[in-house]
Structure formats: C-alpha cells, structure tokens
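See structure below.
Bear in mind that the values in this text are calculations on the coordinates, not laboratory data. As the structure is a computational prediction, the values presented were derived from the model and not from experiment. Glycine gets a Cβ as well: all are built from the backbone with ideal geometry, and neighbour counts include every protein chain shown.
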Amino acid sequence: MSLRGNGPLRAGSAEPLAAVVIGNGPSGICLSYLLSGYAPYVEPDAAHPHPLLQRKLAEAPGVSILDQDLAYLSEGLEGRCQSPVALLFDALLWPDTDAGGDLDSVLTWRRQPERAVPHVVLGRGLPGGAWHSIEGSMVTLSQGQWMGLPDLHVRDWLGRRRRGLRNSRATAGDIARYYTDYVAKKGLGPNFVSGAVVTAVEWGPPEPGAREDAGTPFRVRGFLTAAGRREPFSLRARNVVLATGTADSPARLGIPGEALPFVHHRLGALEAAWRAGAVGPGSDPVLVVGAGLSAADAVLFARHADIPVLHAFRRRVDDPGLVFNQLPPGLYPEYHKVHQMMREQPAGSPGPYPGYRSLPEHRLVCCRDDRQVLFQGPRGPRKGFAVSLVLVLIGSRPDLSFLPGAGADLAADPRQPLSAKRNPIDVDPFTYQSTRREGLYALGPLAGDNFVRFVQGGALAAASSLLRKEAPRPP
C-alpha cells in the first residue's frame, strides 16, 4: 500500500489536517460521520416527551444541534450514563427507550458538504474496530437497536439481510458487518485507512509561520501493513482524537508460566483450539479465569461444544460487584445460567452440570509447562489440576504506548493507572477535549463511556468543538 496512492495519507501535503482520529470503532465512525458534513436537526413537527428539553429545542428552530449550546440542552437530563452530552444525544435518538417506549428519533439528518472538516480515521483493521475480533456468534450485551449509529437502524439493516435480533440483541458478527457497511453506505470510506498502526503522537510549540490561533501542532507517526510489508507514514494535524477503546492490551495476572503457549488472554483462542481439535469432549478441562462477561462467554462456548470447563475467580459468588448481579435475568438468561452454575457446581462436588466445575475465591498461582495449574483457595492447601488450555479473561487496559508517557498524565488521577472504568482520561464534559492538552480529544471507553449507545454523545461533543475551531474562515 503506497502512501501516495492512499488518499488521506498522500505524501507532500504542506497543510496539516484538521483532525486525525486514532481508532475506527463506533466512536471513530460516528465522529467521522459528523465531520463529513452530516448535521442533526430537530424535525419541525417533532415533540419530545421530556418537557424541559422540548422547550429548549423549540427556542432554536432550524439550528443544527451541532451549533447549539450542548451544556444548556443537556442540563437536567438523567439516565444510565454520567456524561451529560451522551444523555442528550441518546434522548434525541431514543426519546423514551428507558421507559419502555418505542418513539422515533426527533432528529433528521442533512448532508451539508460545506460543513465538512478534513480528517482521517486510522485503524489497525476494518472499520468496526474490536468488534471484528469477537467470536461472531456471541450476542451483544446491549439491546441490538442500541448498537446502531445515526440514521441507519440496526433492525432495518438486519431486515434487508433477512436476519433478525436474538432476544432483542444482535450477534457480534452482524454488528461488525454493520459498522463496515455503515462506513460504505454513508460515503465515509475516503477518510478511513485500515491496516494503520500508530507508533507515536508527538506535540510541541507552534511551527514557524503558523497562525496565532492554530493551536499546538501534532505529528502522528506509524506504519501501514499490506502484503506482508510495512510502509511508514507521518501526518501533521491541528487536532488528534483518541478513539482506540481498551481491547488492545488484555490484563495479565503476572504469575509464573503465564507466557506458556497454552495460556491465552483472548476468547478467540478457545474457538481456534476447538476448530483445530486441540480441545473437545475427551480433553482435559479448559481453565477459564475471570468472572466477567468475557469469561462467561468462554464458559458458554465451551458448554455448547461439550468441552469440560474449570472456572476460577477471586470473588464470592454472591459478591454484589459481580456483573451478573447487575443484569436483569429476563434480558440476559444465558449469563444468569452461568451465574447459577458458578453457585451450584463447586469443584469436587457432584452437581447438575456435568463437565463444569466452579472455583470461587480461588487465585491462580502458576502454570507449569506440563499443563498443570496451581491454585490458592480461601482455606486449606494449594490445589493442582491438569488442563488442556488456560484462558485468562480478566479485562483489558488501553494501550496508549504511542503517547508520551503512555498517556499517564492525561488520566483523571495521574498517580493511578489509566482505566476505562475507574480512571479515564480527564476531558471537558461538553467538548471531550483533554483538560491537560489543547487539541487532544478522547472518546468512548478512554473517556469513561463504555457502551455504544452512549459513545455517540462524545462524538457529538467533539464534532461540535472541532467545527467551531475548524470552520472555514473568511479571506
């Protein structure tokens, strides 16, 4: 792949791009849509069920939401998210969804090319990001309709392919294809570059000759991968948007033997081993370490393939912090079945689930090259088991190694590790711009928004800010 032949990365451009977006998952796609000249307006005859929001919307008829005061519009809204702009955009897209209603969006979308902001979206793989690495038959945690992006309903997209939702949810494979198709259908493809690995983002003082309000210039370096070759690229930008998510760097236990070839940190390794015949009904059990949804997905996959499972986790089964204790049973029956198995099938005891053993309050101590694993439980001596495969599924961390200091000084608490749930990047809630670096933005899990339904609000906030900064200037 040549830089000179790849539109957004053509060499020789003297003018920096308005924005470089790093990450091509739902956050990056939604932002690209808004920066490509698509503007949301309130339908003239629409009536929002929230009376205060309806009154505010009526004050500026015919003005795009991108051009309005997002802090003012979002004031007083409540919901399942801490971000005020995420709640605002969600309320406009799904007016009464949390109340069980099915009202249409009050927004209409207009294509206005003159509003487009030059940008490029860099991704390691196809548009959709980490969704392409999830086993395709797994169903989404959120309802299928909430996985959609502006102006293309998931249900309608599935219907055209004669597919549907499963218990109101979609499969990961369908959602990955939906995101790739969304980029094509909305004409965003020229702004997307796949196979792009960013290795460094640098910033410094304004370059000679730059206008006074040009802001801090950024340099984005990396390489393109194609046909087994690597070709370096270097881009200049006035703004950089971090939208990489947190799936790039699986969390590790830091125990002896964790680097052995039969120890894995991604769910896909189980399917690969099953397809290769390395695990099956007659093999030693697969060890699944963790008590989150990825671990539950591994247990479900193994049970479906009749693979024996040893399931170890540090918490008590009744710990209120377990995600299973926070999910409505009616919407997530398969996860609650896993929770029931964790409770009713302790290791060494007969139970109703042959081939599955639960090890609550157990800590994996080491893995040996003879495929023996050693545990420390809450009582008594250490326990050893023979296993065929180990899956350590205890979450993941953002990989911002391309930033100075790996982005540690950007976190809400710079003294603690960056974490999507506990210590995200500190951003202005109405622009999603870093509070510590002008021109640097963060979206999605990096900013604390962990569901597709709400990451779109961050894209709206960032797009509104970038449009104000990068609007065409009179000569």
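Once amide H atoms are placed 1.01 Å from N in the peptide plane, what residues at a sequence separation of 5 or more from VAL309, or on another chain, have their amide H within under 5 Å of its amide H?
VAL286, TYR356, ARG357
Rounded to whole Å and sorted largest first, what semi-axes of the equivalent ellipsoid does the C-alpha gyration tensor of the range 119-175 yield via the square root of 5 times each eigenvalue? Present the calculation step by step, with values, prior to reporting the outcome.
Details: eigenvalues 84, 42, 20 Å².
So the equivalent ellipsoid measures 20, 14, 10 Å along its semi-axes.
In whole Hz, what ³J(HN,Hα) sequence does the range 451-462 give by Karplus (6.51, -1.76, 1.60; θ = phi - 60°), x for Gly and Pro?
So the Karplus estimates, Gly and Pro as x, are 10, 4, 3, 9, 5, 5, x, x, 5, 4, 5, 5 Hz.
Taking a ≥ b ≥ c as the square roots of the eigenvalues of the Cα gyration tensor of the range 423-469, is the shape rounded (a/c under 1.5), prolate (a/b larger than b/c) or oblate? Working shown, then result.
Working: a/c = 2.69, a/b = 1.21, b/c = 2.23.
Cα axes put the range 423-469 in the oblate bin.
Report the convex hull volume per residue for the range 31-99, counting only C-alpha atoms, in Å³.
Considering the Cα atoms of the range 31-99, their hull volume per residue is 98 Å³.
When the Karplus curve 6.51 cos²θ - 1.76 cosθ + 1.60 is applied with θ = phi - 60°, which whole-Hz ³J(HN,Hα) does each residue of the range 318-323 get, with x for Gly and Pro?
Residue by residue, the range 318-323 yields 8, 4, x, x, 5, 4 Hz.
So who's got an amide H within less than 5 Å of the one on TYR38, skipping anything under 5 residues away but keeping other chains? H placed 1.01 Å off N, in plane.
Amide H neighbours of TYR38: GLN112.
Given (i) 21, 47, 23, 5, 3, 1; (ii) 22, 52, 24, 2, 0; (iii) 26, 59, 15, 0, which label gives P(r) over Cα pairs in 20 Å bins from 0, in percent as computed from the coordinates?
(ii)
Distance from a point 7 Å along Cα→Cβ of ASP284 to each backbone N in the range 292-317: keep the residues under 15 Å and list them by number.
Under cut-off, by backbone N: 308-311.
Through the Karplus equation 6.51 cos²θ - 1.76 cosθ + 1.60, θ set to phi - 60°, convert the phi angles of the range 43-60 into ³J(HN,Hα) values in whole Hz; use x for Gly and Pro.
4, x, 9, 6, 10, 7, x, 8, x, 5, 5, 4, 5, 5, 5, 6, 6, 9
HIS362's amide H: which non-local residues (gap 5+, or another chain) put their own amide H closer than 5 Å, with H modeled 1.01 Å from N in plane and none for Pro or chain starts?
Here PHE313, ARG314 satisfy the definition.
State, as an integer percentage, the relative contact order of the chain based on alpha-carbon contacts under 8 Å between residues 6 or more apart. Write out the running numbers ahead of the final one.
Values: 947 pairs, mean separation 92.1, N = 475.
About 19 percent, as a whole number.
Cα centroid distance between the range 251-305 and the range 373-398, in Å?
Computed from Cα coordinates, the inter-centre distance equals 11 Å.
What FRET efficiency would be calculated for the residue pair ASP370, SER133, taking the C-beta separation as r and a Förster radius of 51 Å, to the nearest 0.05? Could the numbers behind the result be given before it?
Working: r = 30 Å, r/R0 = 0.60.
Efficiency at R0 = 51 Å is approximately 0.95.
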